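S.K.: Sharing a structure, written as structure tokens. Questions coming.
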Amino acid sequence: MTTRTDYTDDEWARLVRGPLVAGLAVSIADPGGPIETVKETAAAVRTTQREGDVPLVAEISTEIRERAQRRENPLGDFRIGSAGMAGQQVLDELRAIDLILRTKADGSEADAYRAWILDAAQASADAAKEGGFFGIGAEQVSAGEQEMLERLRDALGMASATPPGIE
């Protein structure tokens, strides 16, 4: 098992912001209004609170909570550039995280971390209905969000449980 001391400051910063970056990816994939964005962000933040998980995940969860209590941005210095490149930046960040996990973490903790950040992305996707008119005809998870979830799984080297297009 690895701990904070096994990672450089840059690697640790990436691991800490990973769940929130994954949630952000869903918001970028199908931007809604401000209410949807708040719901999606709040859902991703709620999934970061893990107790008793794999020690690496629990340690990162504790750090996110402590940063929030100090009113520090858990995303740190991660910034999104132009809107057109935002999705690619998020995927590149998650690929970098995956490389860190493959290099330093053992298999079980890497798998637990990947599942955790995919949970954050899924919670974000499920948090607010997309489209429709006053909720009529809205989808729980839009096609754009579903596509981003698949792209996140790819970036993390995880095969989808359901092939795209089959539901």
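S.K.: Look at the range 15-33 and say how many of its residues are open to solvent by 20 Å² or more (accessible area, probe 1.4 Å) and either in a helix (DSSP H, G or I) or among the β-branched types (Val, Ile, Thr) (or both).
M.R.: 4
S.K.: Quick one: count up the residues across the range 38-62 that are crowded, with 17+ Cβ neighbours inside 10 Å and without any contact (Cβ under 8 Å) to a residue 60 or more places away in the chain.
M.R.: 7
S.K.: Something else: Would you check if Ile80 is closer than 23 Å to Ala155 by Cα and modelled with pLDDT of 90 or more?
M.R.: No, not satisfied.
S.K.: In the range 106-120, what count of residues is obtained for those that are assigned to a helix (DSSP H, G or I) and touching a Ser or Thr at 6+ places or on another chain (Cβ under 9 Å)?
M.R.: 5
The values are calculated or read from the model by the stated rules, or taken from the named source; none is laboratory data. Fair warning: this is a prediction, and the values are worked out from it, not measured in the lab. Neighbour counts are summed over all protein chains in view; Cβ atoms, including those assigned to glycine, are modelled from backbone coordinates with ideal geometry. Heavy atoms of the whole protein, side chains included, go into the accessibility calculation; ligands, DNA and RNA do not. Shrake-Rupley method; radii C 1.70, N 1.55, O 1.52, S 1.80 Å.
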